[in-house]
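So the structure is just underneath, and the comments pick up after that.
Since every read-out is calculated from the coordinates, none of them should be taken as a lab result. These numbers were taken from a predicted model, which means no experiment stands behind them. When we count neighbours, we look across all protein chains shown, and the Cβ atoms used for this are built from the backbone with ideal geometry, even at glycine.
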Amino acid sequence: MDKLAKCAVNYVPLTPLTFIKRASKIYSNRTSLIYNEVRFTWGQTYERSCRLAHSLHSLNVAKNDVVSVLAPNIPALYEMHFAVPMAGAVLNAINTRLNAKNIATILRHSEAKVFFVDYEYVPIASDAIRLLVARLEDSTVGQYTIPLVVVIDDIEKPTGVRLGKLEYEQLIYRGNPEYLGEDLDDEWDAIALNYTSGTTSEPKGVVYSHRGAFLSTMSLIQSWEMGTETVYLWSLPMFHCNGWTFTWGVAARGGTNVCIRNTTAKEIFKNISQHKVTHMCCAPVIFNMLLEAKSDERCDITSKVNILTGGAPPPAPLLIKMEDTGFHITHAYGLTEATGPALICEWQSKWNQLPREDQARLKARQGVSILTLADVDVKDKKTMESVPHDGKTMGEIVLRGSSVMKGYLKDEKETAKAFHKGWFLTGDVGVIHPDGYMEIKDRSKDVIISGGENISSVELESVLFNHPAILEAAVVAMPHPRWGESPCAFVVLKNAGETSETEILAYCKKNMSKFMVPKKVEFVKELPKTSTGKIQKVELRKMAKTLQISIDTATNNNGSEMEVQLDQTTQLQQGQPLNREKVVTMSRL
């Protein structure tokens with residue numbers, strides 16, 4: 001057997017580029033993409049991708065050059081997921097909600113050679129370019145060339161907006177439709193560069209390989225049981241982990257992409273009705289948007305729409321409401337460094353016999369690993385020992401396998417920190433249930449350690465959401481003079497003034513342990529979120545620090561707190577505190 005050699009016949013590097021080539025042959029005349037009145041077939045989408053790849057090559061874009069794009073979910077951004085790697089380059093889809101300074105930082109850090117900009121974002125892109133030029137005038141910043149800018153004009157009704165001379169459709173027109181792309185010699189080559197959202201730390205450039213993107217895509221279309229006639233609605237930004245790899249996945253199934261420029265309840269319902277959407281991805285924040293939609297924005301859902309959701313675990317009542325509306329929810333867990341979803345809550349038929357509330361609780365779990373991962377576990381970060389499968393003992397979720405990133409761009413220190421003893425440390429806290437299914441409990445930085453007790457903010461949020469007057473809730477740690485830190489709840493009401501802090505605290509005392517009850521409830525009009533719907537708890541923690549002043553001063557002459565404290569008999573060291581940079585220790589009463 002040692003004489004059997006690897007050759008071009010039996011070994012071809014794994015890459016998602018094979019998906020669109022196959023789709024162009026098998027599903028050539030099937031609709032590949034819908035955008036308002038625009039329609040393309042898979043044959044046309046493949047040809048347009050070949051043309052763009054050739055034009056990029058003509059612009060001297062070479063292997064490993066970064067091509068950045070700032071655009072909503074439009075046909076051009078979808079096509080670039082194939083065209084850019086076909087040219088041998090690396091796609092960097094930029095978060096459209098970033099400010100000019102953030103965009104400039106990404107362009108410079110990635111050393112982008114070409115920068116595609118949707119006409120709607122030309123003003124902010126212009127500001128970013130100006131910041132780059134000003135920075136280059138500082139001789140201390142080193143060498144960097146301003147990227148070549150290409151405007152993506154409206155494909156239906158061109159606006160004429162430009163930032164430079166080049167325009168996207170012109171590049172499509174000029175390109176050679178027979179161009180087959182650059183040869184991929186190594187599946188370990190980079191295919192995409194995505195910057196983390198920075199919800200818990202500074203954004204970092206996450207590099208994906210062709211191999212990782214291919215395998216992750218294959219795992220997800222299988223786990224989610226996507227058929228060959230899938231109609232996929234782009235409610236999830238394509239810039240978020242390359243649309244959780246479904247940019248490539250829809251091509252692999254020869255499905256239809258339905259692109260929308262703005263993610264609103266009206267657009268989602270309208271497109272579901274018009275195009276018989278079968279699948280879509282979104283953060284749980286979209287659930288409330290759909291459920292709270294006005295009557296004139298809604299439409300009846302006549303066939304099941306499968307939703308893959310991530311982010312904070314959706315509360316059981318929310319899942320039930322969505323199911324009643326016509327959506328079938330599958331919960332997943334992932335992060336940028338894992339090429340999107342890493343765990344998915346695979347449904348078991350025996351659960352269909354359970355009461356709906358129990359089914360909803362099971363659906364809210366993050367589940368089991370996708371096929372790509374070699375292994376997942378929950379470990380004590382200090383000892384790296386696996387936690388018991390009891391659904392109670394918390395530890396850090398760790399991963400390893402081909403879905404994990406190559407590493408952080410130009411940051412060996414952070415890469416080494418994330419890759420620890422053969423595992424990728426996610427920074428998320430979870431448990432493993434007896435059946436092997438995992439459930440996330442918190443970000444490690446979001447776990448509240450109050451007097452030695454570990455409090456999961458996710459559990460508190462789930463209880464708060466059950467309150468009939470609450471639309472959204474987020475819980476963070478607030479400094480506390482006696483307990484080190486305590487829960488502070490930020491609440492968005494369905495109707496302003498519908499309830500009070502006193503009433504909510506009374507509700508909490510009836511539905512959770514004493515030590516978990518928030519010490520403060522703050523009403524806000526909206527919660528700060530990232531563009532992908534994640535709540536920015538770092539901002540809420542800043543707000544909570546200012547609220548602490550009122551508690552610090554709320555003491556009597558003897559210095560004892562006026563607020564209700566934990567029972568003195570509570571064993572403060574019950575449950576081992578999580579190992580993190582700053583652990584709060586408190587003396588017993």
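Worth a mention:
- Measuring spread by the Cα atoms of the stretch 198-264 yields a radius of gyration and Dmax of 13.4, 40 Å.
- Packing around the peptides 1-7, 184-190, taken as the average count of other Cβ atoms within 10 Å per residue, puts them in this order, highest first: 184-190, 1-7.
- The amide H of residue 209, built 1.01 Å from its N in the peptide plane, has 191, 406 as neighbours under 5 Å, considering only residues 5 or more places off or on other chains.
- Only one residue of 521, 536, 190 has its Cα farthest out toward the positive end of the dipole of the chain, where Lys and Arg carry +1 and Asp and Glu -1 on Cβ, and that residue is 190.
- Rg and Dmax over the alpha-carbon atoms of the stretch 30-209 stand at 16.1, 54 Å.
- Taking amide H as placed 1.01 Å from N in the peptide plane, the amide H of residue 340 sits under 5 Å from that of 335, each at least 5 places away or on another chain.
- Annotation: amide H of residue 306 within the under-5 Å range of 279, 280, 328, sequence separation 5 or more or interchain, hydrogens built in the peptide plane.
- DSSP beta bridges in the chain [antiparallel fraction, %, rounded to 5]: 60 percent
- Volume in Å³ per residue [convex hull over Cα atoms, computed for the chain]: 190 Å³
- On the basis of the beta-carbon distance and an R0 of 45 Å, residue 180 and residue 514 show a calculated FRET efficiency of 0.10.
- Given charges at beta-carbon only (K, R positive; D, E negative), |dipole| of the chain in Debye: 160 debye
- For the stretch 177-188, 3J(HN,Hα) per residue [Karplus equation, 6.51 cos²θ - 1.76 cosθ + 1.60, θ = phi - 60°, Hz, x = Gly/Pro]: x, 8, 5, 9, x, 7, 5, 9, 8, 9, 5, 7
- Pairs exceeding 27 Å between alpha-carbon atoms, taken from 6/63; 304/441; 382/441; 379/406; 113/270; 441/519: 304/441; 113/270.
- Compared with the dominant Cα axis of the chain, that is its longest principal axis, helix 210-223 is turned about 60°.
- Degrees separating the helix 100-110 axis from the principal Cα axis of the chain, which is the longest one: 60 degrees
- The Cα center of the stretch 49-81 and the Cα center of the stretch 271-316 differ in position by 31 Å.
- For the stretch 203-325, the fraction of alpha-carbon pairs in successive 5 Å shells from zero, as %: 2, 10, 20, 23, 20, 14, 7, 3, 1, 0
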